[in-house]
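*Asks:* The structure's right below; bear with me while I get my questions together.
The values are calculated or read from the model by the stated rules, or taken from the named source; none is laboratory data. Note that this is a predicted model, so its numbers are computed, not measured. Here Cβ is always computed from backbone atoms with ideal geometry, including for glycine, and neighbour counts include all displayed protein chains. With ligands, DNA and RNA removed, areas are computed over all heavy atoms of the protein, side chains included. Shrake-Rupley method; radii C 1.70, N 1.55, O 1.52, S 1.80 Å.
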Amino acid sequence: MATSRAAQQWNAAQYARNARFVSTLGQPVLDLLNPRPGERILDLGCGDGALTEKLAAAGAVVVGVDGAADMVAAAQRRGIDARLMDGAALSFTQEFDAVFSNAALHWMKADPDAVIAGVARALKPGGRFVAEMGGHGCVAAIVVALTAVLKRRGINTATIIPWYFPTVDDYRGRLERGGFTVDYIELIPRPTPLPTIEGWIATFAGPLLNHLPEGERAQARDEAIELLRPVLCDDRGRWTADYIRLRFAARLP
Ligand code: BEZ
């Protein structure tokens with residue numbers, strides 16, 4: 001993981017408070033994976049292990065990897081074989097029947113092809129890669145609002161957006177060039193109710209707001225929230241983020 005002051009800092013307790021919906025809404029991609037008893041499955045970007053636990057409950061033999069030490073520790077507390085590892089430098093060779101990933105690949109922005117190559121290396125012949133990530137246009141309103149408040153303060157977000165939200169064509173091409181056959185891939189709009197908008201920004205937008213001096217961040221966040229209110233907040237004060245998922249199932253020959 002990057003270590004600059006703007007890098008994403010993961011905190012398992014904050015994540016559980018503000019982002020439990022990420023794993024709760026993971027059932028469709030689990031269904032797409034259809035884990036079977038005895039299969040060896042790698043959960044890439046396992047976070048605190050909430051979904052990894054479901055894979056294990058289905059009878060799979062599971063290893064989780066994540067780039068954040070606090071999340072790995074939280075997954076280990078659930079009894080999961082979780083390891084600290086860079087998703088772009090997976091160290092496995094032909095060990096798994098499937099690689100699964102939920103809401104993690106969009107954080108592995110620097111080299112998506114290295115991620116896919118590591119997944120292909122980790123899989124046995126015929127192994128499957130089933131995942132869901134943010135897709136093209138995901139949280140567009142939030143990105144625009146944060147971009148606007150940072151621009152007012154002289155910061156250009158063109159190179160500091162921390163997420164990779166690919167189109168179907170982009171990601172399908174990468175998978176195919178990585179040796180996979182793509183059985184299914186789709187962009188799925190999924191408006192996502194949030195516990196609080198402040199919690200979402202605190203949990204996910206650190207890599208953007210942390211480019212500001214500490215004393216300016218709360219004001220910038222509040223300005224972004226006011227820009228977002230007309231489009232993401234209903235008349236009862238409930239916030240819904242404009243998530244778009246990219247879900248796919250691919251396999252090796
Ligand atoms: C997610 O975890 O799904 C997510 C995180 C940041 C931005 C958009 C989506």
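*Asks:* Whether any residue in region 220-230 is out of contact with any Pro (no Cβ under 7 Å at 6 or more places or on another chain) and under 30 Å from residue 125 (Cα atoms) is what I want to check. Step through it out loud before you land on a result.
*Replies:* From region 220-230, those out of contact with any Pro (no Cβ under 7 Å at 6 or more places or on another chain) are 220-230; that's our starting set.
Next, only the ones that are under 30 Å from residue 125 (Cα atoms) stay: none.
Checked against the condition, which is being out of contact with any Pro (no Cβ under 7 Å at 6 or more places or on another chain) and under 30 Å from residue 125 (Cα atoms), region 220-230 yields no hits at all.
*Asks:* Regarding residue 158, is this residue at pLDDT below 95 and more than 14 Å from the ligand (Cβ to nearest atom)? Quick ask: steps written out before the conclusion?
*Replies:* Details: at pLDDT below 95: yes; more than 14 Å from the ligand (Cβ to nearest atom): yes.
Yes, satisfied.
*Asks:* Hey, can you tell me all the residues within region 130-146 that are in a helix (DSSP H, G or I), surrounded by fewer than 22 Cβ atoms within 10 Å (Cβ to Cβ) and within 12 Å of the ligand (Cβ to nearest atom)? Let's see the steps before the verdict.
*Replies:* Of region 130-146, the ones in a helix (DSSP H, G or I) are 140-146.
Now drop any that are not surrounded by fewer than 22 Cβ atoms within 10 Å (Cβ to Cβ), which leaves 140-141, 143-144.
Answer for region 130-146, where residues must be in a helix (DSSP H, G or I), surrounded by fewer than 22 Cβ atoms within 10 Å (Cβ to Cβ) and within 12 Å of the ligand (Cβ to nearest atom): 140, 141, 143.
*Asks:* Look through 127, 38, 64, 49 and report the one residue that is open to solvent by 10 Å² or more (accessible area, probe 1.4 Å) and at pLDDT 95 or above.
*Replies:* On the way: 127 fails: open to solvent by 10 Å² or more (accessible area, probe 1.4 Å); 64 fails: open to solvent by 10 Å² or more (accessible area, probe 1.4 Å); 49 fails: open to solvent by 10 Å² or more (accessible area, probe 1.4 Å).
It is 38.
*Asks:* Given the conditions (1) more than 16 Å from the ligand (Cβ to nearest atom); (2) closer than 16 Å to residue 250 by Cβ; (3) open to solvent by 40 Å² or more (accessible area, probe 1.4 Å); (4) in contact (Cβ under 8 Å) with a residue 12 or more places away in the chain, and given that residue 152 satisfies all but one, which numbered condition is not satisfied?
*Replies:* For residue 152, the exception is condition (2).
*Asks:* With respect to residue 201, determine if the residue is surrounded by 13 or more Cβ atoms within 10 Å (Cβ to Cβ) and within 14 Å of the ligand (Cβ to nearest atom). Break it down stepwise before answering.
*Replies:* Numbers: surrounded by 13 or more Cβ atoms within 10 Å (Cβ to Cβ): yes; within 14 Å of the ligand (Cβ to nearest atom): yes.
Considered against the rule, which asks whether it is surrounded by 13 or more Cβ atoms within 10 Å (Cβ to Cβ) and within 14 Å of the ligand (Cβ to nearest atom), residue 201 comes out as yes.
*Asks:* Further question: Quick one: residue 191 ticks every box in (1) touching a residue at least 60 places away in the same chain (Cβ under 8 Å); (2) within 13 Å of the ligand (Cβ to nearest atom) bar one, so which box is it?
*Replies:* The number of the failed condition is (1).
*Asks:* Which condition number in (1) open to solvent by 50 Å² or more (accessible area, probe 1.4 Å); (2) away from the ligand (no atom under 16 Å from the Cβ) is the one that residue 168 fails?
*Replies:* Only one criterion is unmet by residue 168, namely (1).
*Asks:* Within the set of pairs 6 or more residues apart or between chains, which connect a residue that is within 16 Å of residue 42 (Cα to Cα) inside region 107-118 to a residue that is within 16 Å of the ligand (Cβ to nearest atom) with Cβ atoms less than 8 Å apart?
*Replies:* The qualifying pairs are 115/44; 115/87; 115/105; 115/108; 118/87.
Residue by residue, here is whether (1) acidic (Asp, Glu); (2) more than 18 Å from residue 103 (Cα to Cα); (3) in contact with a His (Cβ under 8 Å, 6 or more places away or on another chain) holds:
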| position | (1), (2), (3) |
| --- | --- |
| 181 | no, yes, no |
| 199 | no, no, no |
| 211 | no, yes, no |
| 226 | yes, yes, no |
| 232 | no, yes, no |
| 235 | yes, yes, no |
| 241 | no, no, no |
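*Asks:* Look through 227, 212 and report the one residue that is assigned to a helix (DSSP H, G or I) and farther than 30 Å from residue 33 by Cβ. Even if it seems obvious, please write down each step before you answer.
*Replies:* Numbers: 212 fails: assigned to a helix (DSSP H, G or I).
Within the list 227, 212, the selection yields 227.
*Asks:* Scan (1) away from the ligand (no atom under 16 Å from the Cβ); (2) part of a loop (DSSP other than H, G, I, E, B) for the single condition residue 185 breaks and write down its number.
*Replies:* (2)
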